[in-house]
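Participant: Quick one: the structure is below, and I'll ask about it shortly.
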Amino acid sequence: MSVEAPAPAALPQSRHLATELPGPKAQELLTRQQAVVPSGVASLMPTFAVRADGGIVEDVDGNRLIDLGSGIAVTSVGASAERVLTGVQEQIRQFTHTCFMVTPYEGYVAVAERLAELTPVPGPARTALFNSGAEAVENAVKVARTYTGKTAVAAFDHAYHGRTTLTMGLTAKSVPYKRGFGPFAPEIYRVSGSYPFRDGLSGDEAADRAIDQLEKQIGADALAAVIMEPIQGEGGFIVPARGFLKRITQWCRENGVVFIADEIQTGFARTGQWFASEHEGIEPDIITTAKGIAGGMPLSAVTGRAEIMDAAHPGGLGGTYGGNPVACAAALGSIQTMAEERLAERAVELERLAVEHLEAAQQQDPRIGEMRGRGAMLAFELVDPETKAPDAALTAAAAAAARAQGVITLTCGTYGNVIRLLPPLTISDELFTEGLTIITEALKEA
């Protein structure tokens, strides 16, 4: 069976279940998938997409699903944003690839110029483009090591930075990301971060603890970089206590350590600012970005202080596909869409809707231990009401029930007990509220 997308047409922005999930066409595709795709590549929804736009994903059986995942924070401008599509089509008519390291092109430079304008990096900034978030993190570490002449890198509890050998070492959670895949890269260290719901520490208290560990377990004279997500994504959408990140970045600057902000999930209007670092009033030495940068095309970036980025020797950074011209065109269209449609402000509106809904749900259900996040990067943690112990089974059951009703629902958290909300910033109020209602009703029944 071959699956062809329907002819282009406006995709109705309403949930519709024509079949149970999976439907008959999806079941046939699942059988084909199992025959040729390894089981390690697991899919969340038991169906196959053919169209997506706004807040809706349509599958092969004609089901329309409410999208509260955005392809894990990628399609923030929607999966068929007009400026992204136009830019991609125009670039494809010209050429698809030359390799920037061989024959450069303007699109790469234009993306770097926009990132120099937007990212909260102090002073003149330089950007190198790559393909994935993990690749960006690896190259940020390479740059930091070259610049400082030191080798150690510190990450935090509950961190997620990727699935490659180096980035698995930086990532905290074992299953499914690390178990059985070692050994990992050397000179990677882990210290305590800030998890206010569980550690009860102020920003200064948590920073004192982390700095003490950095100094005693590693030492600034050996430490090339400290890397942290301003909001820890896969770890549970953990927002550090106010002041924690400012203290850590200050210590890094005073001790000749490069501070890398991993904004791969938090960047590009997702949290209500262009970058989550702006909420904390910090200026990282390097920022890594991907996901929301290019409206679904594979692109990532390492943007940093000019003197740091220029430390790598000519030819030391790059890659065959890094900064592909089609992906660069998509990024320029995506960034233009965010600016002109004021999607950072839209993220704040979505936060208001979600907080209002979840606060009401929390008053009725003490299993919602905490809701947290910023903008359209929100989550709630499910716990035993008496002990506050994580309840992963409840989380899985509620998420599965919501998916069965046509809502793309993601979970996360070191303990597997967090439901996260990452809607496209272009989703309507009505769709978003309907998705929230289905999730909280599924939680009542779980």
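Participant: Can you go through 301, 290, 261, 225 and tell me which one is free of Cβ contacts under 8 Å to residues at least 40 places away in the same chain, buried (at least 24 other Cβ atoms within 10 Å of the Cβ) and either in contact with a strand residue (DSSP E or B) (Cβ under 6 Å, 6 or more places away or on another chain) or charged (D, E, K, R) (or both)? Before the answer, list the steps.
Facilitator: Numbers: 301 fails: free of Cβ contacts under 8 Å to residues at least 40 places away in the same chain; 290 fails: free of Cβ contacts under 8 Å to residues at least 40 places away in the same chain; 225 fails: free of Cβ contacts under 8 Å to residues at least 40 places away in the same chain.
Step by step, each of 301, 290, 261, 225 is checked, and only 261 is free of Cβ contacts under 8 Å to residues at least 40 places away in the same chain, buried (at least 24 other Cβ atoms within 10 Å of the Cβ) and either in contact with a strand residue (DSSP E or B) (Cβ under 6 Å, 6 or more places away or on another chain) or charged (D, E, K, R) (or both).
Participant: Can you tell me how many residues within segment 192-238 are assigned to a loop (DSSP other than H, G, I, E, B) and among the aliphatic types (A, V, I, L, M)?
Facilitator: Within segment 192-238, the subset assigned to a loop (DSSP other than H, G, I, E, B) is 192-195, 200-202, 219, 229-231, 233-237.
Now drop any that are not among the aliphatic types (A, V, I, L, M), which leaves 201, 231.
The number of residues fulfilling the criteria is 2.
Participant: Another question, if that's okay. Given 91, 27, which one is surrounded by fewer than 19 Cβ atoms within 10 Å (Cβ to Cβ) and not aromatic (Phe, Trp, Tyr)? Spell out how you get there, then give the answer.
Facilitator: Numbers: 91 fails: surrounded by fewer than 19 Cβ atoms within 10 Å (Cβ to Cβ).
Within the list 91, 27, the selection yields 27.
Participant: Looking at (1) surrounded by 15 or more Cβ atoms within 10 Å (Cβ to Cβ); (2) more than 27 Å from residue 409 (Cβ to Cβ); (3) β-branched (Val, Ile, Thr), which is the one condition that is false for residue 74?
Facilitator: With respect to (1) surrounded by 15 or more Cβ atoms within 10 Å (Cβ to Cβ); (2) more than 27 Å from residue 409 (Cβ to Cβ); (3) β-branched (Val, Ile, Thr), residue 74 is out only on (2).
Participant: Give the residue that is nearest to residue 222 (Cα to Cα), with candidates limited to residues of segment 144-177 that are in contact with a helix residue (DSSP H, G or I) (Cβ under 6 Å, 6 or more places away or on another chain) and assigned to a helix (DSSP H, G or I).
Facilitator: Restricting to residues being in contact with a helix residue (DSSP H, G or I) (Cβ under 6 Å, 6 or more places away or on another chain) and assigned to a helix (DSSP H, G or I), the top hit is 147.
Participant: If you don't mind, another one. Condition test on residue 210, is it among the small types (Gly, Ala, Ser) and in contact with a Ser or Thr (Cβ under 6 Å, 6 or more places away or on another chain)? Explain how you work it out, then say what you get.
Facilitator: Details: among the small types (Gly, Ala, Ser): yes; in contact with a Ser or Thr (Cβ under 6 Å, 6 or more places away or on another chain): yes.
So residue 210 fits the description; yes.
Participant: Consider residue 134 carefully, then state whether it is crowded, with 17+ Cβ neighbours inside 10 Å, free of Cβ contacts under 8 Å to residues at least 40 places away in the same chain and in contact with a Ser or Thr (Cβ under 6 Å, 6 or more places away or on another chain). Lay out the reasoning, then the answer.
Facilitator: Numbers: crowded, with 17+ Cβ neighbours inside 10 Å: yes; free of Cβ contacts under 8 Å to residues at least 40 places away in the same chain: yes; in contact with a Ser or Thr (Cβ under 6 Å, 6 or more places away or on another chain): yes.
Spelling it out, residue 134 is indeed crowded, with 17+ Cβ neighbours inside 10 Å, free of Cβ contacts under 8 Å to residues at least 40 places away in the same chain and in contact with a Ser or Thr (Cβ under 6 Å, 6 or more places away or on another chain).
Participant: Would you pick out the residues in segment 202-222 that are surrounded by 20 or more Cβ atoms within 10 Å (Cβ to Cβ) and either in contact with a Lys or Arg (Cβ under 9 Å, 6 or more places away or on another chain) or not assigned by TED's automatic domain parsing to the domain that holds residue 145 (or both)?
Facilitator: Within segment 202-222, 206, 207, 210 meet the criteria.
Participant: So, restricting to helices (runs of 4 or more DSSP H) that lie completely within segment 243-340, which ones have at least 1 residues that are hydroxyl-bearing (Ser, Thr, Tyr)?
Facilitator: 244-254, 277-280, 325-340
Participant: Given 54, 40, 62, which one is surrounded by fewer than 18 Cβ atoms within 10 Å (Cβ to Cβ) and either under 26 Å from residue 290 (Cβ atoms) or of a type in the set (Lys, Arg) (or both)? Spell out how you get there, then give the answer.
Facilitator: Details: 54 fails: surrounded by fewer than 18 Cβ atoms within 10 Å (Cβ to Cβ); 62 fails: either under 26 Å from residue 290 (Cβ atoms) or of a type in the set (Lys, Arg) (or both).
Answer to the selection: 40.
The values are calculated or read from the model by the stated rules, or taken from the named source; none is laboratory data. For clarity, every value in this text was computed on a predicted model and none was experimentally measured. All Cβ positions, even for glycine, are placed from backbone atoms using ideal geometry, and neighbour counts span all protein chains on display.
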